[in-house]
Amino acid sequence: MPIAAPETKTAVCLPSPPSSNKLPFVIFLMKEGFYAISSENVREIVILPAVVPVPNMPPEIRGVINLRGKVVPLIDLRLKLGLPSAKADLNDLIQLLRDREQDHHNWLTELEACVRERRPFKMARDPHACKFGLWYDKFQTDNSLLKMSLKKMNEPHQLIHAAADEVLRLVEAGDTAGATKLLALRRNRELAELSKLFEESRRILVEHHRELAVVLVRGEKRFAISIDQVEAVERIPEQNIEPLPGSMAGQTENHSWRIGKRIKTNQTILLLDETFLFSSDAIDSIPTRPPRVPAVTAPA
């Protein structure tokens with residue numbers, strides 16, 4: 001899952017183009033899929049500023065943002081597409097890291113109990129077989145800081161799991177004191193280091209979580225949609241565009257969903273229908289100007 005958008009805070013401004021089916025598409029990433037919209041109505045792309053919630057709005061209306069003094073309604077495109085919000089994904093990942101950290105505290109506590117009580121130790125000894133190892137071996141990210149932090153976990157993680165065989169060999173040899181000493185060393189050194197790295201990874205996730213806002217304008221209607229990250233701005237030839245298969249088209253209400261294929265990579269992209277994006281009546285009910293303060297007339 002992409003964690004960080006580009007660090008630049010400079011807006012990408014697109015000129016107002018004439019209407020044409022030859023206009024390039026803005027291709028962007030949402031969760032694990034690629035989507036595109038025509039650049040015809042795209043005015044600019046910015047790092048998502050602070051969002052002010054508006055009460056009594058549908059879930060996909062996140063609130064309003066302030067762009068150079070202009071109040072712009074913001075749609076959470078993930079929610080509008082039926083996907084989990086980026087914030088929910090972030091919170092889930094942070095919670096997963098908390099759970100996997102706690103797993104290793106529980107693992108070492110169970111090993112200590114098995115030594116004291118002289119009973120078999122049945123938890124995973126292979127670092128690739130525990131829940132964290134299984135997750136880590138499949139996890140991918142473009143965030144270099146997060147990648148580095150997770151990579152630093154390898155050594156303490158492997159040493160903790162290796163402790164099971166070492167400790168149980170000492171117990172079998174009658175050296176319970178040596179086993180207890182080794183357990184204390186692993187807890188105070190490797191487990192403490194692993195916990196610090198888990199905390200560091202969670203902090204990186206929070207600090208580098210960035211979404212983008214794509215500002216759309218058509219006539220008098222102006223609003224923004226939140227996306228994960230921009231992939232490219234490029235043309236997709238007409239011969240590379242086709243409607244959704246018939247069995248799926250019926251699930252898209254009255255919107256003209258299409259599939260496009262990129263020229264160089266042949267990657268399949270869902271082309272979003274403009275009427276789908278501009279169809280939210282709730283946007284029109286959001287005030288985009290500060291309320292007027294009535295003039296106060298001084299008493300005669």
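Overview of results
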{"read-out": "Candidate set from the range 40-70 (those that are of a type in the set (Lys, Arg) and out of contact with any Cys (no Cβ under 9 Å at 6 or more places or on another chain)); member that is nearest to HIS208 (Cα to Cα)", "value": "ARG62"}
{"read-out": "Selected residue (only one of LYS122, LYS87 is surrounded by 12 or more Cβ atoms within 10 Å (Cβ to Cβ) and basic (Lys, Arg))", "value": "LYS87"}
{"read-out": "Residue tally, condition hydroxyl-bearing (Ser, Thr, Tyr), free of Cβ contacts under 8 Å to residues at least 40 places away in the same chain and surrounded by 13 or more Cβ atoms within 10 Å (Cβ to Cβ), over the range 135-167", "value": "1"}
{"read-out": "Test: residue in the range 241-252 that is within 26 Å of ASN56 (Cα to Cα), modelled with pLDDT under 90 and within 27 Å of the chain's Cα centre (by Cα)", "value": "yes"}
{"read-out": "Spans of helices (runs of 4 or more DSSP H) in the range 89-204 with at least 1 residues more than 35 Å from the chain's Cα centre (by Cα) and outside the structural domain of MET30 (by TED's automatic domain parsing)", "value": "154-172, 176-185"}
{"read-out": "Any strands (runs of 3 or more DSSP E) falling wholly within the range 8-73 and containing at least 1 residues that are charged (D, E, K, R) and modelled with pLDDT of 90 or more", "value": "42-47, 61-67"}
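The values are calculated or read from the model by the stated rules, or taken from the named source; none is laboratory data. Just so it is clear, the model here is predicted, and its values are computed rather than measured. A quick note on method: Cβ atoms are made from the backbone with ideal geometry, for glycine too, and the neighbour counts reach across all protein chains shown.
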